[in-house]
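Note sheet for the following structure.
The values are calculated or read from the model by the stated rules, or taken from the named source; none is laboratory data. Just so we're clear, the structure is a prediction, and the values are computed from it rather than from any experiment. Positions of Cβ are generated from backbone atoms using ideal geometry, with glycine treated the same way; all protein chains shown enter the neighbour counts.
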Amino acid sequence: MKTFLVANPKGGSGKTTLATNLAGYFASRGRHVVLSDMDRQESSLGWLERRSANIPNLPLIHPLNGRDGHISSMSAQVNVIDSPAGLRGEKLSEAVKAADWVIVPMQSSSFDINATQDFLEVLREEKSVRKERTFVAMVGMRVNARTKAALNLEEYLAQSGFPVMGHLRNAQIYVHAAEEGLSLFDMSPSRVKQDIQQWSNLLQWIRAGENKGV
C-alpha cells in the first residue's frame, strides 16, 4: 500500500482540496483508495458523504476516521491522509515515517509562508526524509499568476529545498467539486482541461516514484 500524507500546520492551506482530488485521481484509475481524515472538522469525510449521496456509480473511495482508526484492509492500494492543522511533534514524526510521499500545499500570503517555515525545517530533519524513504514535494495553492504574492511564493519555494510540483489556480471549479463530492477527475475533461494540466507535474512525480518501486 502506498501512503500519501498531505500536510501543512497552517489552517486553510488547501490540504483537503489536495487530498480529496488526489484520492479521486487514484480512484478514477481503478485503485482501491482509502481517504483518511485526521482533522476534527472532518471535511474530507463530509466530502465523501456528499459523494456517495449525490451521484451514483462514481469510483469508490473508502472513508477512514484517521484520528482513531487504522487501515485493516490489506486490499487497500492507496491511502491518502488529510492531516489536521497544527500537526507537530511526535504525531508529525509518526505520520511522516509512515508515508511514502508527503505533499505540502502552500498559499502565497506572507502569513502562510511564515507559518510553514518551521514545518519545512522539521521535515528536512526527519530521518525518513533524509534517508529518502519518504519523498516531499510542494504545491502552490490558489495562486493567481503574475501577482506580487505569486512571485514571493515562487522565490520562497525555490529556496525550500524540496521540489515544487506545480501551482493550482484559484478557480470556482474546486468549490463546485467540493460541494458535489466530486474530484476534478470525475468531471467532464472539457470542463477541467486547464486544471488537470496544472496537476500534471505532481502526478508525473508520483508515477515516477511508483515506477522506481517507492
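Going residue by residue through segment 182-198, is there one that turns out to be out of contact with any strand residue (DSSP E or B) (no Cβ under 8 Å at 6 or more places or on another chain), closer than 20 Å to T17 by Cβ and among the basic types (K, R)? Yes, segment 182-198 contains at least one residue that is out of contact with any strand residue (DSSP E or B) (no Cβ under 8 Å at 6 or more places or on another chain), closer than 20 Å to T17 by Cβ and among the basic types (K, R). In the list R67, R40, R51, which residue meets the criterion of being at pLDDT below 95, over 24 Å from M106 (Cα atoms) and among the charged types (D, E, K, R)? R51 is the lone residue from the list that is at pLDDT below 95, over 24 Å from M106 (Cα atoms) and among the charged types (D, E, K, R).
Summed over segment 89-103, residues that are of a type in the set (G, A, S) and more than 18 Å from the chain's Cα centre (by Cα) total 1. Residues being of a type in the set (D, E) and within 16 Å of the chain's Cα centre (by Cα) are entirely absent from segment 203-214. For segment 109-141, a residue qualifies if it is at pLDDT 85 or above, out of contact with any strand residue (DSSP E or B) (no Cβ under 7 Å at 6 or more places or on another chain) and not in a helix (DSSP H, G or I), and the qualifying residues are E126, K131, E132, R133.
How many of the residues making up segment 159-214 are without any contact (Cβ under 8 Å) to a residue 60 or more places away in the chain and in a helix (DSSP H, G or I)? Residues meeting the conditions: 20. Are any of the residues in segment 77-85 within 18 Å of the chain's Cα centre (by Cα) and over 24 Å from M141 (Cβ atoms)? The answer is yes, given that some residue of segment 77-85 is within 18 Å of the chain's Cα centre (by Cα) and over 24 Å from M141 (Cβ atoms). Being closer than 28 Å to R51 by Cβ and free of Cβ contacts under 8 Å to residues at least 12 places away in the same chain is a property that does not hold for V139.
Quick grid of which residues meet (1) surrounded by fewer than 15 Cβ atoms within 10 Å (Cβ to Cβ); (2) free of Cβ contacts under 8 Å to residues at least 12 places away in the same chain; (3) not acidic (D, E):
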site	(1), (2), (3)
A19	no, no, yes
G24	no, no, yes
R29	yes, yes, yes
M38	no, no, yes
S43	no, no, yes
I55	yes, no, yes
P59	no, no, yes
H62	no, no, yes
N65	yes, no, yes
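Applying the condition of being touching a helix residue (DSSP H, G or I) at 6+ places or on another chain (Cβ under 7 Å) and outside any strand (DSSP E or B) to segment 21-43 and asking which residue is farthest from M187 (Cα to Cα) yields S43. Among the criteria (1) within 23 Å of P56 (Cβ to Cβ); (2) exposed (fewer than 11 other Cβ atoms within 10 Å of the Cβ); (3) not charged (D, E, K, R), the one F185 does not fulfil is (2).
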